[in-house]
Each structure stands twice: as structure tokens, then as C-alpha cells.
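Here's the structure we're looking at; comments come further down.
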There are 2 protein chains.
Amino acid sequence: MSEDITHDESGKSLGQVEKQFFTFAEPPNEMVLDSGARLGPITLAYETYGTLNRDKSNVVLVCHALTGDSHAAGYYSDADDKPGWWDNMIGPGKAIDTDKYFVICSNVLGGCMGSTGPGSVNPETGRPWGMDFPFVTIGDMVRAQKALMDHLGIKKILSMTGGSMGGMQVLQWCVQYPEMVHSAIPMATTMRHSALAIAFNEVARQAIIADPNWNNGDYYGGKKPNLGLSVARMIGHITYLSDEAMRRKFGRQLQDKNDLSYQFDVDFQVESYLRHQGAKFVERFDANSFIYITKAADYFDLTRFENANSAIRVFSKAMARFMVVSFTSDWLYPTYQSREMVQAMKKSGLDVSFCEVEAEWGHDAFLLPNRRLTDLVRGFIDSVYQDAK
Amino acid sequence: MSEDITHDESGKSLGQVEKQFFTFAEPPNEMVLDSGARLGPITLAYETYGTLNRDKSNVVLVCHALTGDSHAAGYYSDADDKPGWWDNMIGPGKAIDTDKYFVICSNVLGGCMGSTGPGSVNPETGRPWGMDFPFVTIGDMVRAQKALMDHLGIKKILSMTGGSMGGMQVLQWCVQYPEMVHSAIPMATTMRHSALAIAFNEVARQAIIADPNWNNGDYYGGKKPNLGLSVARMIGHITYLSDEAMRRKFGRQLQDKNDLSYQFDVDFQVESYLRHQGAKFVERFDANSFIYITKAADYFDLTRFENANSAIRVFSKAMARFMVVSFTSDWLYPTYQSREMVQAMKKSGLDVSFCEVEAEWGHDAFLLPNRRLTDLVRGFIDSVYQDAK
């Protein structure tokens, strides 16, 4: 394997971190969404790591992917056996060095990990929103994060980064609030969700909707659409791995048996892996949030921002210095899509570098320890920080 | 587009064809399956096109893919608006020329288009088998086809071909009944089902199993698991197309609207296409057959035939002349898998040629009119026929 899959030993873990909450857009000052609907109050769950410096010039904003959350690094308690989702990237001495930078990560609007979403209580009815929750877009998620930045008194983001749907938020930030973003690292992402990516999301949604327990989204307090959500997650997991990763990880190896069973139980390890991922996921994720967030990703088309209908015109609004990162084995958001993005950025006159990182783990590569990736991120943010001083 | 997607004008349609049935393995002479179970009686639905010559030397056996059937070419009646699934390939003057060859295609064992499968009546109970139907393998499907050849008095197959799971049957035939197969064209296939291919099938099966109407396979006469089967089909359809095909066919085009709806209905054409494919499929296919047949494909590993544990050793049993065909944009059974197969065939001393056909339509390319493909097939079969005379 070309990548280093041991944990990055170059830094320590943050240790204990805490989830915080910020509530805003209280009526009558609701947030106006891209759809035109109004939503408020809105709560965002967020975490911060490191210390904000006096001139607030060391902010790194991290955006999570589809099923991520605000818990990007550290542990909630000593008993916690799993750190945040990007603990290999964020911490003291790590690529995003919390000894130098003040790192913020918030759960997206529409999510289910502490931020307001379809599982939250609709103040008008006193019951969970379900599918009455208004439609949210990547632009709306960014709008809510902007309110959090305002609340924290942050006017300038030194650097922001995220992979997959996190990368979409990064791109959106750079054109929606261009004066605030000094530099950006969109990873394993796209400026326009492809037909293939929409197709996978649509089938995943249909799997949830086909579950009678989904009940048009009105299942809170009753039986949850766990079977449908589990199938949806399995579909996702296939897209996160590459053909090669699957071959190396599973091949045709059998699960807990020496020979084929000629039955319909699990025979192959890859079957067992997928079922396990599906079963684990339903314990932590809300099916309606899955529907809302996948739809937000499907709607993402930066080239149509403010009806520009041109990637070059859209990026000409941006002021950030960019480092775009793609991964060789990512077939969900393949390298050619990053190249298109980089070309448009260059034509817009932006300062952009592009790195295709060698990785065998498919789309998920951005989440996994990878020395080349951490070196790139460390080098880019440190250089931006030096230049900005 | 590099391929010719108009219908092949070089031949006429067969006109009216008829589905026939052959029943064998009557108790106590049941067929012994790879699992060790016994099954009988067995009916195979089949069709033949063209005329068997006097010395029975002009037989072309065509094997269908996962959800195909015996209806490879022609029309059942004048009112029929759709010909068989390979009508562009098979007919008078076409690549598989029914003016010269006697073409046979049968529905696989375990299927639901006239052959015995889980939807057939279990003679012991008088009720449909459901999940009590015995487990079938590609080897069992081939064993049943062999009985049909015996019934038709055919001792030698001039050439056999099929794509995808049809190609697996072709490969299996060549090592299971080597003396009978004179030449073979496995297309868009693999000698060993990959972890990725198993993963897609497993998720599709889970989508069916998650449907409460599936009821452990006991749904005949009641509500069918149409929602689950529809999701399963949608998953399949994604794998049959390529990223590029989806971009060209759908891109981000909206369905019957000028702007995004900010609702959870269909927005994009690709969503509408998938839902339509799912809905159409449940009208013609049995969910249990889908489970059985996908599992047979997942079990397929020719390298383990008769415990050889070596592709070279297995192919050294074969006597056929081969032409292996893969398609550039097929990511379900990618070209590298065909190359591995060809290398093993060569090392076994077989006469094999290999063609990677330029095609943008992904795995489904073998089903679509493609001048290069039809020229290859025509040339190969005609040359084999000349040499055999």
C-alpha cells in the first residue's frame, strides 16, 4: 500500500473536548433559506480546539461530510474509545496544529448530531418536524455557519477545509462570503454533483422511503426505518471504497467459514462488512436527516451560483488562495472533476495549486491517515499563516 | 459518441418466434446440484432461431445475463412492440446470422421467465417453492442447459456467447463440458466475481429482504416486495452505466421542470430514469429469482472449479477457441479482469484473442448496437465455421 495507514505519530491527541451549542435566528428574525422559506430558531452544535489568538487571525474552519458531525477531533471523555472523525489531521503538532490554530467544526443545518434538522422539534407544533422541515441547501448550511462565525466574533477565516460534502461547503463559503475566506482546501469534492452521484443518493433515499416504518418521515417516538436506512448506508459504503480497496480488504474471503454455505446467510466478508456498517449507522443517524442532506448535495452546483452559469464567473467572486486535493482511486468525485474546478479557478485568476494524492482507499481516502495528505495540509496552512502575518 | 447506437441495418429481424419448454429430471432421476441437493422435475424455457443443419454443426448457444430470458431475438407476435434482448446481434444477415446458424437461448435455472425457479410450484407441497427452492450455481445452470442440448440431439456447439452472467455460463461450459464447445465468446464478464460486484448484489438483496412484503420469500398470491425489488433494480442500473454515460445521458438535466423544486419529488432526469426502471422491472421479474441468481453470480469463481485453485489449471481443461471481449467503460467487470482471464488462457495453451471494445455505455455496452462488436462477433463465428467445415 502506498499510503501510510498507521495513525500519524507526529502529534498528540487533543484529549477531552466538548460539544457546544449556539442558537440564533429567533423569530421574528428567522433565517431565509435558498428556497425562500424561513427557519428559526436554529441551533448549531459545534466544537472548537486550540486557542483563538488576540487578532483572531488563526481560525481554521473544518466542514464535515454527509454523515459527519461537529466532533472532528479529541475525545468526549476518558471512557470514549473513539476520537473525532479527523483526529489524525487535527491536534497538537498535527497537520492542522491546535498549538497554533483555533479550529472550529459545526454540525450542518439539517443534521442530527445536535444541530437543527428534521428530527428537531417544530416550535409551532411541539412535535418533530419530520418532512415538514424546510428544504436546505449547501448555501443554507454555510449561511448558518456564517452566523456562528459572527457569534464568535470571527471576521476572517485563515483557512478552511473539508472533504466530500465538506468540500462543497468550503467552495460555497469562498463565493458566498469571499471577503472572509483567506485560503481553502477543498478535498475529494466537486463543484457540481454528477449524475452518478445523484443516482446513488436517489437510490439510497428510495431505500429509506420504501421502508414502511419511514411513514412519510413521521416515525419519531415509534419504530424507525432502520432497515431502509441500513440499505442506504450500505449503498454509500460501496461508493466510499474503490474496486481495488475492496479487493485488497475483502477479495472473495469467506466470513467465519471454510467453504461456501449454499445458503442465503453471509458467505463473504464483504457482505458481513456491509451489513455491519448498515447496522451501526442506524444507531447514530436519523433517516430524515439522511434524506435532507443527500438532497442538499444533489442540488449543489456552484456554477449556477447567483445564476452565473459559468464556473469561471463564479470563481471570479472568490478571493481565497486554494489548494485542491483529489485522490487517485476516488470514483465518486473523480480527479477529472477536480481538474475542471482547478482550470476554472485559474481562468478566474485565482492562486490555486492542485494535488492528486495517491491513495487506494477510494473516496474515503481523505478521512484516512495519509502522510502525503497531512504534509500537504500542514505545508499549505503554515505557509498561508506565515504569509498573512 | 464513438459507437454506432443506431440499430444494425445489416440484417432483418427474425420476425415471429416462439417460446418452447423442455422438462426433464423427473423423479427419481432428479438433477444433483452443486450443493448436493436434488431437484426435479426441471423445466427450461428456450427459443431457437434458424435451422439446424444435417450434421448439427451450426449450433450457436447464447446465454443471457442476470435479468434476461430465452427471448434473445425476434417478436412473439405482430402486436409485440419490442424484440428480444439481443435482436441487434441475432437474425438473418446479422452478426449471429440465422441464415447460417441454429441459435439456441434458454432461460436459466432459477429464473422466472418460464424455467423452474423459486416461483415455480414445489411438487411436494403444491405451493410455490419460495426460499425452499434449492441453491443454484452457474454450474447448475450449465448442467440444465446441457440436458437441453442432449434433448435436442446436439453433441457439439459451434460457438457460444453471452455477456455478464451470460459470459460466466460460457466460461463454465468450456471447462464443465469441454469436448462439446468448439469456440466461445465471453463478453463483459469475469472468471471470479469481485468484492465490488458481490457488494452491489448484497445491497440489492438486502433491499428486497428489508421489504416486509418479501415475508421470507413467501409472498406468492399476496402483496409482492415491489418496493424492495425496485430499489434492487435501481442499484443494478447504476452499475450497468458508466460515469461518462450518465453524464452524457442525464448530466444535471431537470425532469419536466425549468428550475429546482426545493421539494423531495423528482428533480433530475437521472432520478426519474431510475424510478422508471425500478417500476418497470417489478412487473416482469420475481424478487426471489433475483436473490437466487445474484447469489449464483456471487458464488462464481471459475478458478476454484473442481478445487483446481488455479485459473491456468482450470483453463487447461478447455478445448475451445476463445475470443474474449471487454468494454472500455465497464466498471462492473473491468478490462483488467478480462486481461487476467486471457493471460491464464494463454498460459494454458489455448487459442485466444482479446478485444477491448471502445464503448461509453458502461457494462450495458454488450447489449447495445455497436458496429465494432458486431463485426468482431460475425468475423469470429464465421471464421470458426469455415475452419470447422
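The values are calculated or read from the model by the stated rules, or taken from the named source; none is laboratory data. Nothing here was measured: the structure is a model prediction, and the numbers come from that model. Cβ: placed from backbone, ideal geometry, glycine included. Neighbour counts: every protein chain shown.
Some notes on this structure:
- Taken over the stretch A:194-218, the residue count meeting the criterion of being over 13 Å from residue B:227 (Cα atoms), within 7 Å of another protein chain (Cβ to nearest Cβ) and not β-branched (Val, Ile, Thr) is 6.
- Selection of first residues in the stretch B:226-253 that are within 20 Å of residue A:238 (Cα to Cα) and of second residues that are of a type in the set (Asp, Glu) and at pLDDT 95 or above, restricted to Cβ pairs under 6 Å at least 6 apart or on distinct chains, gives the following pairs, ordered by first then second residue: B:228/B:211.
- Residue A:250 being facing another protein chain (nearest Cβ under 7 Å) and within 25 Å of residue A:358 (Cβ to Cβ): yes
- Output for the stretch B:297-333, where each listed residue is within 10 Å of another protein chain (Cβ to nearest Cβ) and either part of a helix (DSSP H, G or I) or polar (S, T, N, Q) (or both): B:298, B:299, B:303, B:304
- A single member of A:342, A:325, A:314, A:377 is touching a Cys at 6+ places or on another chain (Cβ under 9 Å) and closer than 18 Å to residue A:169 by Cα, and it is A:325.
Residues checked against (1) under 21 Å from residue B:17 (Cα atoms); (2) aliphatic (A, V, I, L, M):
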| position | (1), (2) |
| --- | --- |
| B:105 | yes, no |
| B:115 | yes, no |
| B:120 | no, no |
| B:133 | no, no |
| B:139 | no, no |
| B:157 | no, yes |
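- Test: residue in the stretch B:373-387 that is surrounded by fewer than 19 Cβ atoms within 10 Å (Cβ to Cβ) and modelled with pLDDT under 95: yes
- Those residues of the stretch A:132-146 which are more than 14 Å from residue A:112 (Cα to Cα) and of a type in the set (A, V, I, L, M, F, W, C), in sequence order: A:135, A:138, A:142, A:144
- On the stretch given as the stretch A:167-193, residues that are among the polar types (S, T, N, Q) and either assigned to a loop (DSSP other than H, G, I, E, B) or within 14 Å of chain B (Cβ to nearest Cβ) (or both) total 2.
- Among the residues of the stretch B:359-389, those identified as touching a Phe, Trp or Tyr at 6+ places or on another chain (Cβ under 6 Å) and outside any helix (DSSP H, G or I) are B:359, B:368.
- For the residues B:348, B:338, the requirement of being closer than 30 Å to residue B:35 by Cβ, buried (at least 24 other Cβ atoms within 10 Å of the Cβ) and in contact with a Ser or Thr (Cβ under 6 Å, 6 or more places away or on another chain) singles out B:338.
- Any hit, the stretch B:259-271, residues being within 13 Å of chain A (Cβ to nearest Cβ) and under 19 Å from the mean Cα position of the chain (by Cα): no
- Those strands (runs of 3 or more DSSP E) lying entirely in the stretch B:1-102 with at least 1 residues modelled with pLDDT of 95 or more and of a type in the set (Gly, Ala, Ser): B:42-49
- Within the stretch B:280-317, considering residues that are acidic (Asp, Glu) and more than 17 Å from the chain's Cα centre (by Cα), the one surrounded by the fewest Cβ atoms within 10 Å (Cβ to Cβ): B:283
- Output for the stretch B:249-279, where each listed residue is part of a helix (DSSP H, G or I), of a type in the set (Lys, Arg) and either surrounded by fewer than 16 Cβ atoms within 10 Å (Cβ to Cβ) or modelled with pLDDT under 95 (or both): B:249
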